[in-house]
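The values are calculated or read from the model by the stated rules, or taken from the named source; none is laboratory data. The model shown is predicted, which means the values in this text are computed figures rather than measured ones. We place every Cβ from the backbone using ideal geometry, glycine too, and count neighbours over all the protein chains shown. Side chains are part of the model used for accessible areas, which takes the heavy atoms of the whole protein and leaves out ligands, DNA and RNA. Shrake-Rupley method; radii C 1.70, N 1.55, O 1.52, S 1.80 Å.
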Amino acid sequence: MITFKRLSIALTVAALMAGCSSGVKLDETPVEDKSALTSGAGAGANGAGAGQSGVSGVDLTQSGGDQAGPQGVSRIVYFDYDSYVIKADAQAQVEAHARFIKASPSRKVVIEGHTDERGGREYNLALGQKRAEAVRRSLGLLGVSDAQVEAVSFGKEKPAVQGFTEDAFAQNRRAELSYR
């Protein structure tokens, strides 16, 4: 009887641990140096699902002058669910920010990683950090100095939109560039 109880407890603990795991590998870097690719290449897997979320960039650069970032370029990079891979359609946006940052060595930017409300607090803080780091690494590959960029995570703590719809979730899965 005691062996059966121990086996039962061991199976219960194993089931709980398996239920808490995630298939997303947060330690793998999604950023690739594509500077050697020709302009027609690189539309692979990321390009296929680029418009799935239906979220368009919001131009927040109209106020604040030079501190707001490059004129006419969104400061928000959106991500797919449970992902920290920068989409192909955001690459031009990241490149514009890289040019803007490199134009002034005293310019600094904080990249804030955010997630939607699904998932635990710790997981979302880690995912938000990976999103911010993905943008930071992309800027670094484009020649921006590490001293000019800081990556932080807010996880699900600062949603852009309240609600439990797919549209609200899509707008909350983001990295925001904030110039200082």
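Tell me, please, whether a residue that is touching a helix residue (DSSP H, G or I) at 6+ places or on another chain (Cβ under 7 Å) and open to solvent by 50 Å² or more (accessible area, probe 1.4 Å) can be found in the stretch 134-142.
Yes: one or more hits.
In this structure, is residue 86 outside any helix (DSSP H, G or I) and either at pLDDT 95 or above or among the aromatic types (Phe, Trp, Tyr) (or both)? Lay out the reasoning, then the answer.
Details: outside any helix (DSSP H, G or I): yes; either at pLDDT 95 or above or among the aromatic types (Phe, Trp, Tyr) (or both): yes.
Yes; evaluated as a whole, the condition is true for this residue.
Filter the stretch 153-178 down to residues that are in a strand (DSSP E or B), open to solvent by less than 20 Å² (accessible area, probe 1.4 Å) and either among the aromatic types (Phe, Trp, Tyr) or without any contact (Cβ under 8 Å) to a residue 60 or more places away in the chain (or both), then give me how many there are.
Final tally of qualifying residues: 1.
Quick one: count up the residues across the stretch 86-124 that are surrounded by 19 or more Cβ atoms within 10 Å (Cβ to Cβ) and more than 23 Å from residue 71 (Cβ to Cβ).
The total comes to 5.
Give the number of residues within the stretch 123-161 that are among the polar types (S, T, N, Q) and either more than 10 Å from the chain's Cα centre (by Cα) or under 15 Å from residue 98 (Cα atoms) (or both).
Result for the stretch 123-161: 4.
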